[in-house]
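Take a look at the structure set out below.
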Amino acid sequence: MTDNASAQSSATASERSVPVGVDPTRASIARVYDAFLNGKDNYEVDRDVLRGVQKAAPEAVDLAFENRGFLIRVCRFLATQTGIDQFLDCGSGLPTAENVHQVVQRTNPDASVVYIDNDPVVLAHGRALLEENERTHLVSADIFNPAEVLGNEEIRARIDFSSPLVFLQMGTLHHYNGPRERPAQIMREYIDALPSGSYVAISHFFDPENEYSAVARKMEEMFLHSMMGSGTFRTRAELLELFDGLELVEPGLTLCADWWPDGPRLKPLNQVQNCIAGAVGRKP
């Protein structure tokens with residue numbers, strides 16, 4: 001086999017067939033996240049971002065794996081413990097194992113899940129899988145524009161804002177490019193619109209302000225100066241502002257790895273696992 005043939009055979013399926021509207025020369029948040037999860041729906045430019053962050057922290061993929069584990073545990077908890085049957089997931093990303101609808105509909109087959117994203121690659125790859133039943137939908141909208149999301153007719157047709165719902169911002173707000181205080185304002189607009197009894201779950205890159213702060217800032221520097229150009233690490237005080245107006249469910253704001261893990265810890269957390277945090281809050 002020639003070198004060219006070998007290279008072609010090793011290329012991912014996504015690189016051999018680029019969906020309409022997708023630019024493989026520019027990094028995508030969804031595709032970079034897919035690369036962190038060892039997925040196949042990413043391009044070389046996305047893997048370059050991963051390799052860059054790994055120069056700052058070799059364990060960088062654990063940012064994605066801890067975020068995913070937190071998402072699954074949170075959705076399982078909310079589906080089984082709250083009785084809420086409608087979930088609004090902002091920034092759904094590319095389909096992977098154990099998506100929100102699969103987790104919650106395993107407990108309650110009648111639960112409705114609406115995913116929101118405006119990344120062309122997500123829309124291209126996601127609709128067929130995410131719309132695998134009549135209670136699972138994918139809507140194109142800008143999650144950083146609450147007015148656009150809250151006023152979207154398709155979302156309003158699927159989600160009843162007069163009844164409690166679960167609102168998810170998992171690994172999204174650290175990708176907002178703009179004033180540092182804006183994510184807290186974005187969340188205030190969303191929380192104000194939610195009915196009493198709703199639950200909000202957020203995960204976010206974290207500066208723990210301890211011996212791991214240096215690696216958090218190194219990873220942030222690599223993210224911000226990569227082709228993706230986003231990835232802000234916030235302090236505990238800054239993350240708590242995202243939950244203003246909510247009552248945090250125990251154990252409150254904590255490392256994703258420490259939020260009700262599935263079993264006892266047999267080995268210490270690495271430096272990257274100390275740099276992503278999350279919480280679940282209830283609107284009184």
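Values as computed for the structure displayed
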| quantity | calculated |
| --- | --- |
| Residues (in a loop (DSSP other than H, G, I, E, B), surrounded by 24 or more Cβ atoms within 10 Å (Cβ to Cβ) and free of Cβ contacts under 8 Å to residues at least 60 places away in the same chain) located in segment 20-42 | Asn42 |
| Filter result for the condition that a residue is of a type in the set (Val, Ile, Thr), in contact with an Asp or Glu (Cβ under 7 Å, 6 or more places away or on another chain) and more than 20 Å from Ser92 (Cα to Cα), over Thr254, Thr235 | Thr235 |
| Count - residues of segment 103-116 that are closer than 15 Å to Ser198 by Cα and part of a strand (DSSP E or B) | 2 |
| Qualifying positions in segment 53-102 - touching a Lys or Arg at 6+ places or on another chain (Cβ under 8 Å) and in a loop (DSSP other than H, G, I, E, B) | Ala57, Leu94, Thr96, Glu98 |
| Flag for Val139 being assigned to a strand (DSSP E or B) and either modelled with pLDDT of 95 or more or surrounded by 16 or more Cβ atoms within 10 Å (Cβ to Cβ) (or both) | yes |
| Number of the condition not met by Thr96 [criteria: (1) of a type in the set (Val, Ile, Thr); (2) closer than 26 Å to Leu224 by Cβ; (3) at pLDDT 95 or above] | (3) |
| Given (1) under 25 Å from Asn145 (Cβ atoms); (2) modelled with pLDDT under 95, number of the condition Asn42 does not satisfy | (1) |
| Every residue from segment 258-270 that is in a loop (DSSP other than H, G, I, E, B), under 16 Å from Phe206 (Cβ atoms) and under 20 Å from the mean Cα position of the chain (by Cα) | Trp259 |
| Test: Glu221 is charged (D, E, K, R) and under 21 Å from Asn270 (Cβ atoms) | yes |
| Per-region count, segment 162-199, residues over 30 Å from Met222 (Cβ atoms) and among the polar types (S, T, N, Q) | 4 |
| Lone qualifier among Arg127, Arg180, Arg156 - being surrounded by fewer than 19 Cβ atoms within 10 Å (Cβ to Cβ) and within 18 Å of the chain's Cα centre (by Cα) | Arg127 |
| Flag if Phe87 is crowded, with 23+ Cβ neighbours inside 10 Å, in contact with a strand residue (DSSP E or B) (Cβ under 9 Å, 6 or more places away or on another chain) and over 22 Å from Asp207 (Cα atoms) | yes |
| Of residues in segment 241-273 being among the aliphatic types (A, V, I, L, M) and crowded, with 16+ Cβ neighbours inside 10 Å, the one farthest from Gly178 (Cα to Cα) | Leu269 |
| Every residue from segment 206-221 that is among the aliphatic types (A, V, I, L, M) and surrounded by fewer than 21 Cβ atoms within 10 Å (Cβ to Cβ) | Ala214 |
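The values are calculated or read from the model by the stated rules, or taken from the named source; none is laboratory data. This structure is a prediction, so every number in the text was calculated from the model and none was measured. When we count neighbours, we look across all protein chains shown, and the Cβ atoms used for this are built from the backbone with ideal geometry, even at glycine.
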